[in-house]
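Bear in mind these aren't lab numbers, they're just calculated from the coordinates by the rules spelled out. Please read these numbers as outputs of a predicted model, since none were measured by experiment. Here the Cβ positions follow ideal geometry from the backbone for every residue, glycine too, while neighbour counts run over all protein chains shown.
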Amino acid sequence: MEIKIPVYQPSLLGNEKKYVNECLDSTWISSRGKFISAFETSFANFINIKHATSVSNGTVAIHLALVALGIGPGDEVIVPSLTYIASVNAIAYTGAKPVFVDSLASTWQMDPEDVKRKINDKTKAIMAVHLYGHPCEMIALSSIAKSNNLFLIEDCAEAIASKYEGKHVGCFGDIATFSFFGNKTITTGEGGMVVTNDDTLFDRAVHFKGQGLAKHRQYWHDVIGYNYRMTNICAAIGLAQLEQIDNFVNRKIEIASIYKAGFKNLPIQFHDNAINVIHSYWMCSILVSSPDDRDLLRNHLAEQGIETRPLFYPVHTMPMYAHKFQRLKIAEDLGWRGINLPSYPSISNDQLETVIKTIRSYYE
C-alpha cells in the first residue's frame, strides 16, 4: 500500500539550502567551518547550558558521554528497558553492564523507585532517557544520583525543547546527549550533541571525539580517541533547523491537542503530559487495549496509507540482553500495546483528521 501519510518527515523550509550552499561555495564541507561553532553555541544558548560539542550521530554522543565519564569494564549503568536500543548498546560498547529498570505507567519514563532497588557497589551511573519527548522525574533521579555518589547521564535524543519544572532537559545531569537524525524534532541528517556544565567533562569529550589529538602538539595523540566529529554541512543544516525550533515544537503540541480531542470516548490512552513538564511530543503515541488489537489497528491504518510505528520493544527482552530472565511488567505492557502516530510539524490538519477518522472507524 502506498504511504500517503508518513509517520515522520523533516521540514526543510528555512535557511538549510542557503547555509549548505555557503559550505559548498567556501569548500568547508568536513569537520571544520564556521557553522560548527555557530551551531554548538546556538544550541548551548537555547537550552541554557555552558558547553555543547557536536558529534556525528546520537549513538556516538551517548558513547562519548560515557567515555568522558570514564565508564568501563566492571561498571554498571542503570537504564530504562523501554528505550531505543542505542541507549543500551552505547553502555555495552564501553564494556560496562546495562542494568534495566521498569517504567512508570503514568508517564512511560524510568521508575525512580526501581532505580533505587537496582543500585549496588558496581553502579557508576544512571542514564535517564526522556522517552518520546516526555521528561523523566529529574528531581527524584538527581537526588538518587547525588545521595549514592553516582553520575547522572541524560539521553535527550527525543526530547529537545522538553522541560521539567521550567528547566530544559539536558541541564540536570553531569552530561547529556541529543540526536539530530532525520526523524528528530530538528535534524542535521545524521548528527548529535554532547552538553555539560562541567569544564573538565567538556574538555574530555572534545579530546576523545577528535582522535585523541593533543591540544598543543600537532599530530600528537595522547589517548585512544574516536572520529566522532560533525561535518560543517550537517552543522549548517542544524543551525537552520534550530532557528525554527519554536515553530516546530509549538506545532507538535498543537498536533497532540488535536489528537487528544479526536480520541475522546475511544478505548485508547493518549501519551499525555504531566502537569510539571513541557512534553515536546517528538512522537504522539497511544496505548490500545491489547497487543493483538495494536497489530489489527496498525494494519487498518496501513490499508489507508497511514504509516505508524510500534513503541520500542523493551530492550531486556531482546536476544543479546535476555540471557538473564527478568520481568519488567510496565515496560513490557507499554511496549506491546503502544503505537506512534504521524507526528511531523508539516502534517496538515486535514491529514490529522484523516488519521483520527480512520482510527475511529476501526472502533465503530
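The calculated pair-distance distribution of the stretch 271-349 uses every alpha carbon pair, bins of 5 angstrom beginning at 0, and gives 3, 13, 19, 20, 19, 14, 8, 3, 1, 0 percent. A protection proxy built from the mean count of other Cβ atoms within 10 Å ranks the segments 76-82, 87-93, most packed first, as 76-82, 87-93.
Short-range pairs are left out: with C-alpha atoms under 8 Å and at least six residues apart, the relative contact order of the chain is 24 percent. Placing pseudo-labels 7 Å out from each Cα toward the beta carbon at Lys17 and Ala322 gives an inter-label distance of 4.8 nm.
Result for the chain in a Gaussian network model with C-alpha springs under 10 Å: among Lys163, Lys324, Lys260, the largest mean-square fluctuation is at Lys324. Cut-off 10 angstrom, C-alpha nodes, Gaussian network model of the chain. Which of Tyr164, Tyr321, Tyr281 fluctuates the most? Maximum fluctuation in the GNM of the chain, among the listed residues, is at Tyr321.
Oblate is the label for the chain, because the ratio a/c of its alpha-carbon gyration tensor axes (a ≥ b ≥ c) is 1.5 or higher and a/b is not greater than b/c.
In the stretch 211-254, which residues have a backbone nitrogen under 18 Å from the label point lying 7 Å from Thr27's Cα in the Cα-to-Cβ direction? Only 232-233 pass the distance filter. Going down the table (Lys17/Lys209; Lys50/Lys209; Lys34/Lys167), which pairs top 24 Å between alpha carbons? Violating the 24 Å Cα-Cα cut-off are Lys17/Lys209; Lys34/Lys167. Between Ile275 and Asp198, the distance separating the two model label sites (each 7 Å from Cα on the Cα→Cβ line) works out to 3.5 nm. The lysines whose alpha-carbon is closer than 17 Å to the alpha-carbon of Lys122, local same-chain residues fewer than 8 away aside, are Lys97, Lys146.
Taking 0.36 nm per residue of separation and subtracting the Cα-Cα distance, full extension of the segment from Tyr219 to Leu266 would add 10.6 nm.
For the peptides 261-273, 116-128, the ranking by mean Cβ contacts within 10 Å, running from highest to lowest, is 116-128, 261-273. Taking 24 Å as the straight-line reach from the Cα of Lys260, the lysines in range (excluding those fewer than 8 positions away in the same chain) are Lys4, Lys163, Lys184, Lys252, Lys357.
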